[in-house]
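One structure below.
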Amino acid sequence: MSLTAPNTRARRPATTLLSLPVLSDRHPLRGLAAAVAVGGLVFLLTLGASPMFIDEVFSWNAARGSFADMAISLHYAEVTPPLYYLLLHGWVALVGDSAVLMRLPSAAAGAGLVAATWWLARGVAGRRAALVAALLTALSPLVLTYAQQVRAYVFAMLAVTIAAAAVVEWTRDPQRLLWPVVGAVAAGSSILLHYTAALVLLPLVAWTVTRPELDRRRRVLFAAGCALPGVALLPLLLLQSGMGNHDGAEEYARITKDNLFAVVGSPFDGRAGRGVAMGRELGALVVADALALLGLAAGFRRVPARGLVLGCALVPLVVVLLASVLMHPVALTRYTTVAVPFMVVAVAVAVVRLPRALGAGLAALAAVACAIGIVAALSGSGMQSDTRGAVRAVAADWQRGDGLYSLGYIGFNGALDYYGKQEDVGGTGGWGAGRASVPGFPTMADALASDQVRAKLADGRRLWFVSDPVLPAAALERVLGQVGYEPLERREFDGITRLQLVLAGPRG
Amino acid sequence: MTRRSPFPGYTDPRRVAVARVAAVLGCLGGVAYLLWRATQLDEVGPLGWVLFAAEVLNWMTLVSAVPLMWTPRPRRWAPPPQGTLDVYVTVCGEDAAMVEETVRAALAIDYPHRTYICNDGRIARRDNWAEIERVAERLGVECFTRTDGGKGKAGNLNHALARTSGEFVCVIDADHEARPSLADDLLGHFHPRVALVTTRQAFHIDESDTLGNQEAFFYGVIQPAKDADNAAFSCGNGVVYRRKALRSIGGFSEWNLVEDLRTSYELHAAGWRSVYVPRPVTRGTAPGTAAEMASQRLRWATDSLRLFFWDNPLRKEGLTWRQRLHYAQTTGIYYLTTASHVVFLVSPVVSILLGARIMAPSSLTAYAVLLAVFLGPLAVMLVAYAGPRGAIRLAQMQTFLAPVFCVAAWRALRMRPGKGEKAASGVTEKSRQSRLNGITLFQHAVFAALLVSIGVGFADPDGPRWAVLLWASVMAAVLATQNSMVSLRRETAQSVRIALTAPAVVAGLIVLLASWAPVPGGAKATLASSATRVDPGLTPVARKEDRKAPPAAPATRKLAPPRSGAYLGAYNLQFADPRRRASAARRYGGGLRIMHRFQTWFGPGRLLDRGWIASVAARGAVPMITWEPWRKPEGLDTDPSQRPGLLREVASGRYDSYVRLWARDAAAYRRPLVIRFMHEMNGTWYPWRALGNGNTPADYKAAWRHVHRIFTDVGATNVSWVFSVDSLAGGPPTPRSTLDRYWPGSRYVDWVGMSGFNWGSDGAVPAWRSFAATFRPTYDVLRTFGKPVMVSEVGTSSRGGSASAWIRDALSTAAAMPGLKALVLFDSDSQSADFRLRSKAVRSLREGAAEHDLDAPLRTTRP
C-alpha cells in the first residue's frame, strides 16, 4: 500500500455497518421499501392480538355514535382534539367496528411514519441515516404500540414528522412553494390530532422562522398556519382540562424511576408489563447518548437541521418532566410520542456519524432494546388486560338471568361492554340490553351489598365477577359464603394485568 | 502588556480571598460531616470503615494543605536580564523534525546565548541519534551525544554541564518551543542566592484540555504558594539554573531518574532560593491519550514517592519546616491521598453488586446536605483558584489517576536506593501515543462495573438505593472523561467522551428526580401491592379511603403515658373489617385507647393502611402496629429461618424505599401512632431474632436505629416506638445485661413492652399461669430502662380455668405495677391457642378496667 494513498477507511468510518445489498445506498428506495415492509409486517401481523385497551374503547365510544355523542365524549372523557374521532367515525361507518378494522388506519399510519422518518432523516443526515431511522421506527416498541391502537398518537407522530421533513426540504430548496405548504398543512393537522403536537411545533416554528435563507413572508405565513389551529382549539382544551378528564392518569404518571426511563427512551417504551423493562433502560441510554452527541460533539456540528432535530426531541421531554415536577404528573410516553421520530433520527445520525465501533455498539444497543420491547409486547404479559378472553368465557356459558359485574380496577369495564357487544352475549347487542354497561364495584363486599346484586341473590341467579386484582380463594369463599353463595368456577387471564373470572352460584 | 500589570493568568487577590473563606468553611464542614458519619459507623461493614478512613484522610490532607497554600506569592516583572546563558535542548529519541523546530525556536531567543543539543538517543538505544547530530550540524549547533554514563535526563544534563561554561543554564525539552522573550522574562530574577527560576508549562492542546494537562490549580496556586515559602520546584522544562548552584550540589541529581524535583530539593537543602514565574516561556506537546498520561504520571509519582519513602523531606536537613511540609505534600501526601480515591471509585460498585454495607443511608437528603457543607466550599475554593474547568479537570484527573498512584506507591516502596529495583527510565511519547495500556485497564474495568452497578441498582427488586446510585452515577461521569481519551483525534475522543458520560449524567438526573418518589415500580405498583386491593372481604372500602386525606390536626402529636392508671388496648381481627370495627371496639366499653394490628413488610398489605389508622383515630383511639420485617408464612406463626441476615440488610438500607414510603405516610398522619417494631427479638421464632438466622445483637440495634432515623428524617415524629420483648412464659426473664445488647438506645425507644399468654391446658406452652407469674419477672427487668412499660400482647385461654377470673386477677395485678402504662389484650384466635374472650370475660374486663383505672384518658404531647 502506498504511504501517500488517502486513507478512505478512516474518512468513512461507518461504511461497513450496512453492507447488505438491499440496504446499500445505491438503491435508497429499496431500503425504504424494505423498512416499510418490515414495519407493515410487524404492525399488521399482530394487529388483533391484543385485546382492546380502555382508551381504545373511549375512541370507539366517541366514534360509533352520533356527532352529539362524540361531542359529549370529547367534553367529558377526553383531552384530545376532534379530528381523529371525525376520521374514525367515517371509517367505522364504512367498514364496521371490529378491533382489527378500527386499528387498520393506525397500522397504515405507522407504515407511513416509517417512510416519513426516512424522509426526515435523509434530509438531515443522508440516506444511510435515513435507512437506520426507518428501520428503528419500524421496530420501535412504541410505534408498534400506537400503530396497533385505536388512538390518534401515531397520526400525530406522522403529521409532525411530515411537517419537519417538509421544512427541511424547504431549507434545501427555498424557492419551491410546495414544501412550506405541505409543512403547514401537516403541522396544522398534527395539532388537530393531538395537543401534544404543540410541543414539537414550537421548536419547529422557532427553528423555521430563524432560517435567514427562507423568504420572510413565507416564514410568517408558515408560522401562522401552524399556530391558527392551535389557537382555535384552545377553548376546547380549556373546557376538557376544566373537566378534569386527565386526572385519572395522575396516579401512574408521577415522576418515578420507570416513568423517567420510559420517557427518556420513548421510542423503546412499549406496552410490555413490568419485569421486562430492561429495554427501556437500554433505550434511555441510547437516546441520551444520541441527543448528547448531536448537541455537544464537534463532529456533529455540521449536521444540517441539527437544531431542529434536537429541539423537537428535547422540548417535549423537558416540558413533560418540568410539568411533572412543577404542576401535574404527566411523565408518560403518551405525551412524548411526538418526539419519537426526532429521537429516532438523532439515534440514526449518531449511528452513522460515530466511529465504526461506537456506531455499531449504539446500533446494537438500539436493536436489543427494540427486540426486548417487541418480544415483551407480543408476549402474554405485554397484551392488554384480556377482557376479550374473559367475555368469551362468559359467553360460552351465559344463562338468561345471569349477572356480570367487575371488581377492583374498573378501567376495563368499557372493554367488557365492547366485547359483550362484539360477542353479542345475552343477545340484542350485548348483555341482553343493547348498550347496557357492566356495573363495577371496588370490592366484592360492595357488590354483594348493592341492590342490583341483592336482587339477583334473592332470585338465586348466577353471578359472574371479573376482577382485577385476583382474589384469594379463601377470601372468596368466605365473602360469598356470607350470602349463601359459593364460587362455582374460577379462571385467570394473563395480560399486562391479570384478570380473574369468577362464577358464583347458590351453595349446594 | 505593561510592566505594571501582573503576569497574565496570575491569581486574582479577590479570588484568593474567596478561596480562603471557602477553604476554612470546607474544613469546618468536614468536621461536621465526619462527626455525623462517625455516629453511623456501627451500621456499616468493614468496607464502610475503610471508606470513612479515606474520608478522614482526605479531610486531614485538606486541613494540612490549606495553610500551605494560604498566601500565593505575587511575582511581578523582573529587572533587566544579566549574565551569560546556555540553552540545553534535551533529546532522547524524539522525531528529528520536532527537534529541529525546538532548536530553531531556542536559537531565536532574543537574549545573547549559546544553544546546545543534549542528545541522549545513542545511550538510550534510539534509532535516530545520528539524525539528530545531522540536524545540529545543519543548524550550526553543538551537539553532545553521550556514549557512556547512566540512563536518564540528569546524566544527559550533567554531561553537557561539564562541557559548557555559561553562568546560567536553561533546560528545554525536545518537544517544547521557547518564546523569544524567555531570557528577558527569567534572568532578571536571579538575585545572588537564587538557584533556579521555574515557570508555568504550556502545551499545544485544545481549549477543553480534557486530560487536565494545563494543571491550572498547580500552576495557579500551588507553585505560587510554594514560591512564597521558597519551595517552588523545577518542572524540568523552561527552567533556568545558576551553574554555580548546580555545582554546589554536584550537578543535576541522578538519584532519581526524573531530575527536576530532586535537584530542586537538594538546592533548597543547600540554602539556595528558587523563583516561580507564573508565565509560560515555552509551549510544547502533552500526552494526548489517557494511557500516555497515566504512563507519564506513573513515572513522576513513582519517583516522587521514592523520595518520600526513602529520603523523607520531613527529616531533610537544611530545609525550613515550611519547606519540609511543602515537599512532604508534593512528594508523598498528595499521591497517597489521591490513591485513596480508589475507595470512592469502587465502593458503590461493591455496595450494589456485592451488597456490602458501606454507608448508613438515613436518606439521600441527609447525605446531600452534610456532604454539601463539606464539598460545597471545597468546590468554591477550587473554582476560585482554578476556574470551573480547571476544578472539574482536577477532580477528574485525581479520580482517574488514583489507581495509578497506588501502583506508583507499590513500586516506590520496592525501590529502596541501592537495594533493589531501580525506576525505569522513560520519556513521554510524542508521536505514537498508546491508546490503552495495562495501568488504565483498571479504570476502564471500574467504569464498566459502575455502569453495570447503575443498571443493577435501578433494577433492585426492593427499590433502588438512591444515595449509592447517585454516587455511582457521579463516579461514572467523572471517570468517563478521562476514560474516553483513547484516541488522538480530537473529534473521536470527544464523541467517545460524550457517549460515555451521557448515560451516567442521565442516570444521575433520574436518581435525583426519582428519589422524590422512591416507590419500587412507581405509583401504580404501590397501589397494586396494597392490601386494600387484595382481600375484598377484609377491606372493602379501603380504596376509597386511600384517596382521603388523613384528618387534619393542628400540630403533630405523640402518645404520652397517662399521668395515672394505664391505657387499655386490644388486638381483635375484626378491627381490620370496617363493617365490624365499631362493634368490635364497643365490646371493650368506652375505655379502649389502643387498637392494635399486625403488619408485615413483605407480601400483600405491606403499606400503611391510612384508612384504618384514620378510622381508629375517629373512634378516639390510638393505632398501634406491630411491624414485622418478614412475610408471614401461610398458616404458620413462626418462620425462624426466613431471609437469613435480614437485620443486616435492613441496616444497610436495602429496604429504605419501602420504609421511607411507610414513614412518609406515618408522618402525614400527624396524630399519635405506635409502632411495635421487631418484637420478641429475645425469642427464637422470628427471622429478626437478635441471635441466629445470620443476625447479631449489633445488627438488631443497627437495623432499629436505621429505620428510626428514616422516620425522623421524614418528620414522622408522631410515632412512638415500642421495644417489646417476650416474657418467656414466665420462666427466667431475659436479663438486663442481655437486653442491653439489643437495646437500640434511649433516643430510639419510647416505650418498653412485653408479651405473654396464659396458654391454658392445651396451648403451645400448656400451663395455667397467672398474670403476675407471666409478667412480673420481665416487668422488673424492663422497669430499669426508665421508660413507660406496656404489656403489648396478653391473652388467656379458657381451657383449664376461668378466663373471667384470670382477667379480674390480671387487672388488679397490673394496677399494682406503677410503671405499667398500657395493657393491650390479644383477643383473637391463634395457631397455638384460642385467646378469644367470651362474653363473661369481656364483662370482667370492662368492669375491672373501670375499677383499676385502666381506662385512663389519652394524653398526647408534642414530639
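The values are calculated or read from the model by the stated rules, or taken from the named source; none is laboratory data. Just so we're clear, the structure is a prediction, and the values are computed from it rather than from any experiment. Here the Cβ positions follow ideal geometry from the backbone for every residue, glycine too, while neighbour counts run over all protein chains shown. Just the protein is used for accessible areas: all its heavy atoms, side chains included, with ligands, DNA and RNA removed. Shrake-Rupley method; radii C 1.70, N 1.55, O 1.52, S 1.80 Å.
Taking the stated definitions as given, is residue B:689 touching a Ser or Thr at 6+ places or on another chain (Cβ under 8 Å), among the basic types (Lys, Arg) and over 17 Å from residue B:359 (Cβ atoms)? Against the criterion (touching a Ser or Thr at 6+ places or on another chain (Cβ under 8 Å), among the basic types (Lys, Arg) and over 17 Å from residue B:359 (Cβ atoms)), residue B:689 does not qualify.
Within the bounds of segment A:345-353, is there any residue that is within 25 Å of residue A:259 (Cα to Cα) and either in contact with a Ser or Thr (Cβ under 6 Å, 6 or more places away or on another chain) or within 11 Å of chain B (Cβ to nearest Cβ) (or both)?
The answer is yes, given that some residue of segment A:345-353 is within 25 Å of residue A:259 (Cα to Cα) and either in contact with a Ser or Thr (Cβ under 6 Å, 6 or more places away or on another chain) or within 11 Å of chain B (Cβ to nearest Cβ) (or both).
Within segment B:221-237, the set of residues being open to solvent by less than 10 Å² (accessible area, probe 1.4 Å) and of a type outside the set (Ser, Thr, Tyr) comprises B:221, B:223, B:224, B:225, B:226, B:227, B:231, B:232, B:236, B:237. Screening residue B:681 against (1) under 30 Å from residue B:351 (Cα atoms); (2) in contact with a Phe, Trp or Tyr (Cβ under 8 Å, 6 or more places away or on another chain); (3) open to solvent by 10 Å² or more (accessible area, probe 1.4 Å) leaves a single unmet condition, (3). Among the residues of segment A:258-271, are any within 18 Å of the chain's Cα centre (by Cα), without any contact (Cβ under 8 Å) to a residue 24 or more places away in the chain and at the interface with chain B (Cβ under 8 Å from one of its Cβ atoms)? Yes, segment A:258-271 has at least one match. If the condition is being open to solvent by 20 Å² or more (accessible area, probe 1.4 Å) and at pLDDT below 85, then segment B:457-484 contributes B:459, B:460, B:461, B:462, B:465. If you check B:327, B:367 for being under 18 Å from residue B:64 (Cα atoms), aromatic (Phe, Trp, Tyr) and under 30 Å from the mean Cα position of the chain (by Cα), only one passes: B:327.
Inclusion of residue B:518 among residues that are at the interface with chain A (Cβ under 10 Å from one of its Cβ atoms), in contact with a Gly (Cβ under 7 Å, 6 or more places away or on another chain), at pLDDT below 85 and not in a helix (DSSP H, G or I) is warranted.
Residue A:14 satisfies every condition listed in (1) closer than 24 Å to residue A:115 by Cβ; (2) of a type outside the set (Ser, Thr, Tyr); (3) modelled with pLDDT under 85; (4) open to solvent by 20 Å² or more (accessible area, probe 1.4 Å) except (4). Taken as a whole, the structure leaves residue B:603 outside the set of residues that are farther than 22 Å from residue B:793 by Cα, crowded, with 24+ Cβ neighbours inside 10 Å and modelled with pLDDT under 85. Looking only at segment B:852-862, decide whether some residue is open to solvent by less than 10 Å² (accessible area, probe 1.4 Å) and within 30 Å of residue B:717 (Cα to Cα). Within segment B:852-862, one or more residues are open to solvent by less than 10 Å² (accessible area, probe 1.4 Å) and within 30 Å of residue B:717 (Cα to Cα).
Give segment A:376-393 a look and list any residue that's in contact (Cβ under 8 Å) with a residue 40 or more places away in the chain and open to solvent by 10 Å² or more (accessible area, probe 1.4 Å), or say none.
A:378, A:379, A:380, A:381, A:383, A:384, A:385, A:386, A:388, A:389, A:393, listed by residue number.
Going by what's in this entry, would residue B:210 be described as over 48 Å from the mean Cα position of the chain (by Cα) and part of a loop (DSSP other than H, G, I, E, B)? Spelling it out, it is not the case that residue B:210 is over 48 Å from the mean Cα position of the chain (by Cα) and part of a loop (DSSP other than H, G, I, E, B). When you check residue B:700 against the structure, is it within 29 Å of the chain's Cα centre (by Cα), part of a helix (DSSP H, G or I) and surrounded by fewer than 23 Cβ atoms within 10 Å (Cβ to Cβ), yes or no? No, not satisfied.
Taking segment B:116-132 as the range and being within 53 Å of the chain's Cα centre (by Cα) and either modelled with pLDDT of 85 or more or under 30 Å from residue B:83 (Cβ atoms) (or both) as the test, the residues that pass are B:116, B:117, B:118, B:119, B:120, B:132. Using the structure shown, decide if residue A:350 is over 30 Å from residue A:214 (Cβ atoms) and small (Gly, Ala, Ser). No: the conditions fail for residue A:350.
Against the condition in contact with a helix residue (DSSP H, G or I) (Cβ under 8 Å, 6 or more places away or on another chain) and either acidic (Asp, Glu) or crowded, with 21+ Cβ neighbours inside 10 Å (or both), how does residue A:140 come out, does it pass? It is true that residue A:140 is in contact with a helix residue (DSSP H, G or I) (Cβ under 8 Å, 6 or more places away or on another chain) and either acidic (Asp, Glu) or crowded, with 21+ Cβ neighbours inside 10 Å (or both).
Residues checked against (1) open to solvent by less than 30 Å² (accessible area, probe 1.4 Å); (2) closer than 15 Å to residue B:142 by Cα:
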| position | (1), (2) |
| --- | --- |
| B:91 | yes, yes |
| B:97 | no, no |
| B:101 | no, no |
| B:107 | no, yes |
| B:110 | no, no |
| B:115 | yes, yes |
| B:121 | yes, no |
| B:127 | no, no |
| B:130 | no, yes |
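Contact map, segment A:336-351: residues that are without any contact (Cβ under 8 Å) to a residue 60 or more places away in the chain paired with residues that are outside any helix (DSSP H, G or I) and among the aliphatic types (A, V, I, L, M), Cβ distance under 8 Å, separation 6+ or inter-chain. No pairs are found.
Across segment B:483-506, the qualifying residues are those that are outside any helix (DSSP H, G or I) and touching a helix residue (DSSP H, G or I) at 6+ places or on another chain (Cβ under 8 Å), and the one among them that is farthest from the other protein chains (Cβ to nearest Cβ) is B:485.
Right, residue A:313: under 21 Å from the mean Cα position of the chain (by Cα), within 14 Å of another protein chain (Cβ to nearest Cβ), over 30 Å from residue A:459 (Cβ atoms) and not in a helix (DSSP H, G or I) or not? Answer is no for this residue.
Restricting attention to segment B:472-492, the residues that are more than 17 Å from residue B:445 (Cα to Cα) and touching a residue at least 40 places away in the same chain (Cβ under 8 Å) add up to 3. Screening residue B:636 on (1) assigned to a loop (DSSP other than H, G, I, E, B); (2) touching a Phe, Trp or Tyr at 6+ places or on another chain (Cβ under 6 Å); (3) farther than 23 Å from residue B:737 by Cα; (4) of a type in the set (A, V, I, L, M, F, W, C) shows it passes everything except condition (2).
Residue B:148 fulfils the conditions (1) open to solvent by 70 Å² or more (accessible area, probe 1.4 Å); (2) under 27 Å from residue B:261 (Cα atoms); (3) more than 53 Å from the chain's Cα centre (by Cα) except for a single criterion, (3). Cβ separations smaller than 9 Å between residues 6+ apart or across chains give the following pairs from segment A:82-108 residues that are more than 13 Å from residue A:56 (Cβ to Cβ) to residues that are polar (S, T, N, Q): A:83/A:189; A:107/A:148.
Listed here are the residues, each with its yes/no results for (1) buried (at least 22 other Cβ atoms within 10 Å of the Cβ); (2) within 11 Å of another protein chain (Cβ to nearest Cβ); (3) over 18 Å from residue A:345 (Cα atoms).
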position	(1), (2), (3)
A:290	yes, yes, no
A:295	no, yes, no
A:304	no, no, no
A:307	no, no, no
A:321	no, yes, yes
A:324	yes, yes, yes
A:327	no, no, yes
